[in-house]
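J.: Handing you this structure, nothing more for now.
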Amino acid sequence: MRSSVRNRGPRRKKATPAAAPARRIIVEFPVGLLKRTDQAAAQRSINRSQLIRRAVERLLDRLEHEQLAQELAAGYRASAAIDRQICEEFAHVDAENL
């Protein structure tokens with residue numbers, strides 16, 4: 001009896017629908033940093049690329065958070081005068097609650 005399954009060569013991993021297309025890049029690392037990177041990846045049972053992607057994602061998240069914090073602080077500074085004025089206008093209401 002013959003099998004209807006044909007050998008189509010090596011199997012490739014199927015990309016998950018949520019996965020974004022990946023691009024291969026070249027990054028230069030000093031030897032010491034590369035060794036530390038490989039050690040950290042091995043300790044976490046992941047490959048070098050996964051470790052680097054995670055590190056870059058965390059850095060970008062932190063930078064975005066810092067940018068948002070700076071924008072909020074600038075907004076608070078810009079509205080400080082009006083906020084003080086509103087507080088002064090309602091100071092008598094606060095005094096009534098004592």
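Each value in this text was obtained by applying a stated rule to the coordinates, not by laboratory testing. Note that this is a predicted model, so its numbers are computed, not measured. Virtual Cβ from ideal backbone geometry, glycine too; neighbours counted across all protein chains shown.
J.: Sticking to Cα atoms, compute the Rg of region 31-96 to one decimal and its Dmax as the biggest Cα-Cα distance, whole number, in Å.
T.: Both quantities, over Cα of region 31-96: 23.6, 70 Å.
J.: Let me ask another. What does the charge count near Ala81 come to, summing +1 for each Lys or Arg and -1 for each Asp or Glu among other residues with Cβ under 14 Å from its Cβ?
T.: -1
J.: Which distance in nm do the two modelled labels at Gln39 and Ala78 give, with both placed 7 Å along the Cα-to-Cβ direction?
T.: Between Gln39 and Ala78, the label points sit 4.7 nm apart.
J.: Measure off 7 Å from each Cα along the Cα-to-Cβ vector at Glu71 and Cys87, then give the distance between these two points in nanometres to one decimal.
T.: 2.6 nm
J.: Go through region 26-98 and name the trypsin sites (Lys or Arg not before Pro) that are in a DSSP coil and have 12 or fewer other Cβ atoms within 10 Å of their Cβ.
T.: Those that pass, being in a loop and sparsely packed, are Arg44.
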